[in-house]
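**Student:** Just dropping this structure here.
The values are calculated or read from the model by the stated rules, or taken from the named source; none is laboratory data. None of these values were measured; they are calculated from a predicted model. Here the Cβ is made from the backbone with ideal geometry for all residues, glycine too, and neighbour counts use every protein chain on show.
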Amino acid sequence: MQARAFELIADAPDLSSEQKIRMIKVLAQAAGMEGMVGGQYIDIQATGTDMTLEKLQAMHSMKTGALIRASLALGGIVANATEKQLAALEEYGTHIGLAFQVADDILDVEGDSKTLGKTQGKDAEADKPTYVKLLGLEGAKAEAQRLLNTGLAALDSFGESADVLRELARYIVERDR
């Protein structure tokens, strides 16, 4: 499916060549060693005993965060966003990508297997590094809220036009499944 994304960008009829090239570069960086692939490698190698909060944030920024930031950048490129707008979308994506993972780690502790669609407690059982393990449950909840607030603040310059992104961010942090 990843290759299909590149194909769709290359064949998009209403985009300029410059937009297509920029979009392909953004997607390639997000998917490659500096993004999803590199983050997944770190994740596979990691155990709960060798992970600091900074390393955990870097890993998730490369995985989930890179793909969320790329999605936002691709939309911004299509909409001919300014560099300032693209930077705001990147900042939003950075914080919301991490908030997504913090919320996921909280759900692994508080959610039930039926609602989650995966075995509850699976991360702890596999000795995976999590925000809950490093910060405690209440600390992880506070971190999710901090990331949400920082991400929302990045959208201030967009006014009401970014309300859908604000709703999405709130859902990411407040979801119960």
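**Student:** For region 16-37, what are the residues that are surrounded by fewer than 17 Cβ atoms within 10 Å (Cβ to Cβ) and small (Gly, Ala, Ser)?
**Tutor:** If the condition is that a residue be surrounded by fewer than 17 Cβ atoms within 10 Å (Cβ to Cβ) and small (Gly, Ala, Ser), then 16, 17, 28, 32 are the ones that fit.
**Student:** Of the residues 155, 134, which single one is at pLDDT 95 or above and out of contact with any Asp or Glu (no Cβ under 7 Å at 6 or more places or on another chain)? Break it down stepwise before answering.
**Tutor:** Details: 134 fails: at pLDDT 95 or above.
Selected residue: 155, the only one of 155, 134 that is at pLDDT 95 or above and out of contact with any Asp or Glu (no Cβ under 7 Å at 6 or more places or on another chain).
**Student:** Here is a follow-up. So which residues in region 162-177 are at pLDDT below 95 and in a helix (DSSP H, G or I), if there are any at all?
**Tutor:** Step one: filter region 162-177 for residues at pLDDT below 95, giving 172-177.
Of everything in region 162-177, those that are at pLDDT below 95 and in a helix (DSSP H, G or I) turn out to be 172, 173, 174.
**Student:** May I pose another question? Which residues, counting only those in region 53-71, are closer than 18 Å to residue 88 by Cβ and over 8 Å from the mean Cα position of the chain (by Cα)?
**Tutor:** 70, 71
**Student:** Here are some conditions: (1) at pLDDT below 90; (2) more than 20 Å from residue 99 (Cα to Cα). Residue 75 meets all but one. Which one does it not meet?
**Tutor:** (1)
**Student:** Looking only at region 72-85, filter to residues that are within 16 Å of the chain's Cα centre (by Cα) and within 14 Å of residue 162 (Cβ to Cβ); which one of those is surrounded by the fewest Cβ atoms within 10 Å (Cβ to Cβ)?
**Tutor:** So, considering only residues that are within 16 Å of the chain's Cα centre (by Cα) and within 14 Å of residue 162 (Cβ to Cβ), the one surrounded by the fewest Cβ atoms within 10 Å (Cβ to Cβ) is 75.
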